[in-house]
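A.B. asks: Quick one: structure below, then a few questions.
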Amino acid sequence: MNNMVIAIDGPAGAGKSTIAKIISNKLNINYIDTGAMYRAITYKAIRDEIDIDDEKALIEMAKKTQIDFKDNNIYLDNEIVNEEIRTLSVSGNVSKIAQIKEIREIMVDLQRKMGKKYSVIMDGRDIGSYVFKDANLKFYLTAGINERARRRYKELKGKGHDINLDDIVNDIKNRDEIDSKRSFAPLIKADDAVEIDTTSKNIEEVVSDIMEYMK
């Protein structure tokens, strides 16, 4: 592998995206939010009124979809959809779509192409365990479910969403269940990944922990 690839995996709300963005800026490498790729597909399905249970229609839609990243923005068919993909509706359905084998294969192919083009830090559920098994560095971030729900609640409230904390807890529990038990590329900690529990740590502490491994 010519380029540097840093993999950050973990369950929803563990702080992967925030941490990965900061580290990408510190190292001046590209940040790829793979979870956002599945969210973009989910958002498009909901927007276009495609049945979430119609796998065939979802796969055909995914084949015709363009997803790219530029300047920390995610582009869906050449349109920035940073906020649109972060709604509770998308969150509640993304794991269903992400467990479809053919859609994961389409997304993984895109991710691997990105890793071959330039140095990247990627976060997701299966980057170190499946997408880039030979990544230069692998980290697995985790946190207690109540803390993860609290972070998500605070984020959505800050953006003006009318949501309930209990709904967030249930949504995360459901996503954990689906992500960890799907048959293809489930959420697991790679054997050679460094595990960091972020429950009682702030962002700066987690970033510092990870940067120590890069010295």
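A.B. asks: Does any residue of region 138-152 turn out to be of a type in the set (A, V, I, L, M, F, W, C) and under 14 Å from the mean Cα position of the chain (by Cα)?
C.D. replies: Yes, that holds for at least one residue.
A.B. asks: For the list (1) touching a residue at least 60 places away in the same chain (Cβ under 8 Å); (2) outside any helix (DSSP H, G or I); (3) not polar (S, T, N, Q), I need the number of the one condition that G160 fails.
C.D. replies: The single condition G160 does not satisfy is (1).
A.B. asks: Do you know which residues across region 112-137 are of a type in the set (K, R) and either surrounded by 24 or more Cβ atoms within 10 Å (Cβ to Cβ) or under 14 Å from the mean Cα position of the chain (by Cα) (or both)? Show your work before the answer.
C.D. replies: From region 112-137, those of a type in the set (K, R) are 112-113, 116-117, 125, 133; that's our starting set.
Selection gives R125 alone.
A.B. asks: Moving on. Select from region 16-29 the residues that are touching a residue at least 60 places away in the same chain (Cβ under 8 Å) and more than 15 Å from K138 (Cα to Cα) and list them in ascending order.
C.D. replies: Listed by number, the residues that qualify are T18, I22, K26, L27, I29.
A.B. asks: Shifting gears a bit: Would you pick out the residues in region 5-41 that are open to solvent by 10 Å² or more (accessible area, probe 1.4 Å), over 19 Å from Q99 (Cβ atoms) and not in a loop (DSSP other than H, G, I, E, B)?
C.D. replies: Result: S17, T18, K21, I22, N25, K26, L27, N30, Y31.
A.B. asks: Residue check: is L165 in contact (Cβ under 8 Å) with a residue 60 or more places away in the chain and of a type outside the set (V, I, T)?
C.D. replies: No.
A.B. asks: Residues that are more than 14 Å from the chain's Cα centre (by Cα), hydrophobic (A, V, I, L, M, F, W, C) and surrounded by fewer than 15 Cβ atoms within 10 Å (Cβ to Cβ): does region 78-89 have at least one?
C.D. replies: Scanning region 78-89, I find at least one residue that is more than 14 Å from the chain's Cα centre (by Cα), hydrophobic (A, V, I, L, M, F, W, C) and surrounded by fewer than 15 Cβ atoms within 10 Å (Cβ to Cβ), so the answer is yes.
A.B. asks: If you don't mind, there's one more thing I want to ask. Kindly indicate the residue of region 196-215 that is free of Cβ contacts under 8 Å to residues at least 40 places away in the same chain and crowded, with 16+ Cβ neighbours inside 10 Å and also nearest to G144 (Cα to Cα) among those meeting that condition.
C.D. replies: Across region 196-215, the extreme among qualifying residues is K201.
A.B. asks: Confirm whether I172 is under 22 Å from R104 (Cα atoms), under 15 Å from the mean Cα position of the chain (by Cα), surrounded by fewer than 17 Cβ atoms within 10 Å (Cβ to Cβ) and not polar (S, T, N, Q).
C.D. replies: Against the criterion (under 22 Å from R104 (Cα atoms), under 15 Å from the mean Cα position of the chain (by Cα), surrounded by fewer than 17 Cβ atoms within 10 Å (Cβ to Cβ) and not polar (S, T, N, Q)), I172 does not qualify.
A.B. asks: Can you find a residue that is part of a helix (DSSP H, G or I) and within 19 Å of K16 (Cα to Cα) anywhere in region 185-204?
C.D. replies: Checked against the condition, which is being part of a helix (DSSP H, G or I) and within 19 Å of K16 (Cα to Cα), region 185-204 yields at least one hit.
A.B. asks: Something else: Quick check on D162: is it at pLDDT 90 or above and of a type in the set (D, E)?
C.D. replies: No.
A.B. asks: Among (1) among the charged types (D, E, K, R); (2) loosely packed, with under 15 Cβ neighbours inside 10 Å; (3) farther than 23 Å from A7 by Cβ, there is one condition D109 misses while meeting the rest; what is its number?
C.D. replies: (3)
A.B. asks: Quick one: would you say I178 is in contact with a helix residue (DSSP H, G or I) (Cβ under 7 Å, 6 or more places away or on another chain), in a loop (DSSP other than H, G, I, E, B), at pLDDT below 95 and surrounded by fewer than 19 Cβ atoms within 10 Å (Cβ to Cβ)? Spell out how you get there, then give the answer.
C.D. replies: Details: in contact with a helix residue (DSSP H, G or I) (Cβ under 7 Å, 6 or more places away or on another chain): yes; in a loop (DSSP other than H, G, I, E, B): no; at pLDDT below 95: yes; surrounded by fewer than 19 Cβ atoms within 10 Å (Cβ to Cβ): yes.
No; evaluated as a whole, the condition is false for this residue.
A.B. asks: Moving to a separate point now. What is the number of the single condition among (1) modelled with pLDDT of 95 or more; (2) among the small types (G, A, S); (3) under 16 Å from R86 (Cα atoms) that A135 does not meet?
C.D. replies: Here A135 clears every test but (3).
A.B. asks: Looking at A185, is it on the phi > 0 side of the Ramachandran plot, open to solvent by less than 30 Å² (accessible area, probe 1.4 Å) and touching a residue at least 24 places away in the same chain (Cβ under 8 Å)? I'd like the intermediate steps shown before the answer.
C.D. replies: Details: on the phi > 0 side of the Ramachandran plot: yes; open to solvent by less than 30 Å² (accessible area, probe 1.4 Å): yes; touching a residue at least 24 places away in the same chain (Cβ under 8 Å): yes.
Against the criterion (on the phi > 0 side of the Ramachandran plot, open to solvent by less than 30 Å² (accessible area, probe 1.4 Å) and touching a residue at least 24 places away in the same chain (Cβ under 8 Å)), A185 qualifies.
The values are calculated or read from the model by the stated rules, or taken from the named source; none is laboratory data. Since the model is a prediction, treat every value here as computed from it, not as a measurement. Every residue, glycine as well, gets a Cβ built from its backbone with ideal geometry; the counts of neighbours run over all protein chains shown. Heads up: the accessible areas ignore ligands, DNA and RNA and are worked out on the full protein's heavy atoms, side chains in. Shrake-Rupley method; radii C 1.70, N 1.55, O 1.52, S 1.80 Å.
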